[in-house]
């Protein structure tokens, strides 16, 4: 009789652990390495944090219509819309912004943060002014496309 009870307890514990493992959020596939971040992970809404700015800088990135692995979109800053175009390669982000749609007015050079699942990028925003201005930034993904 004791062996039947022990067997029943073992089976019950095994079933409970198995069900827990299948439903455990932490058991899902790990996020990709930063160097494996792709164009698809850039798509969506982003919020940029730049020191000294009280108003948010918001970016919306969509697939580039001509360049397969690239993105394009817009940036909202101080009530102004700026055009963006860029890509990510081996975890390195390059975005170019244009205030007139013809000339590059600034660029964003950043690194996808390891463990962020492609949702956080840190780097430097560089203006194309004389003298140039460089400001550190953090981009955080707000929503997918």
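Only one of these is at pLDDT below 95, surrounded by 15 or more Cβ atoms within 10 Å (Cβ to Cβ) and under 25 Å from residue 52 (Cα atoms): 77, 122. Name it.
None of the other options fit; the residue is 77.
Residue-by-condition table, conditions (1) over 19 Å from residue 37 (Cβ atoms); (2) without any contact (Cβ under 8 Å) to a residue 60 or more places away in the chain; (3) in a strand (DSSP E or B):
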| site | (1), (2), (3) |
| --- | --- |
| 47 | no, no, yes |
| 66 | yes, yes, no |
| 72 | no, yes, yes |
| 86 | no, yes, yes |
| 107 | no, yes, yes |
| 123 | no, yes, yes |
| 131 | yes, yes, no |
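If residue 41 satisfies every condition in (1) part of a strand (DSSP E or B); (2) surrounded by 15 or more Cβ atoms within 10 Å (Cβ to Cβ) but one, which is the exception? Tallying (1) part of a strand (DSSP E or B); (2) surrounded by 15 or more Cβ atoms within 10 Å (Cβ to Cβ), residue 41 fails exactly one: (1).
Yes/no matrix, rows are residues, columns are (1) loosely packed, with under 13 Cβ neighbours inside 10 Å; (2) at pLDDT below 95; (3) out of contact with any helix residue (DSSP H, G or I) (no Cβ under 8 Å at 6 or more places or on another chain):
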position	(1), (2), (3)
21	yes, yes, no
26	yes, yes, yes
73	no, no, yes
85	no, no, yes
107	no, no, yes
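With the structure loaded, tell me whether residue 56 is loosely packed, with under 14 Cβ neighbours inside 10 Å and closer than 30 Å to residue 33 by Cβ or whether it fails that test. It is true that residue 56 is loosely packed, with under 14 Cβ neighbours inside 10 Å and closer than 30 Å to residue 33 by Cβ. The single residue among 115, 101 that is part of a loop (DSSP other than H, G, I, E, B), on the phi > 0 side of the Ramachandran plot and either in contact (Cβ under 8 Å) with a residue 24 or more places away in the chain or surrounded by 13 or more Cβ atoms within 10 Å (Cβ to Cβ) (or both) turns out to be 115.
The values are calculated or read from the model by the stated rules, or taken from the named source; none is laboratory data. Since we're looking at a predicted model, the values are computed, not measured. Please note: Cβ atoms are built from the backbone with ideal geometry, for glycine as well, and neighbour counts cover all protein chains shown.
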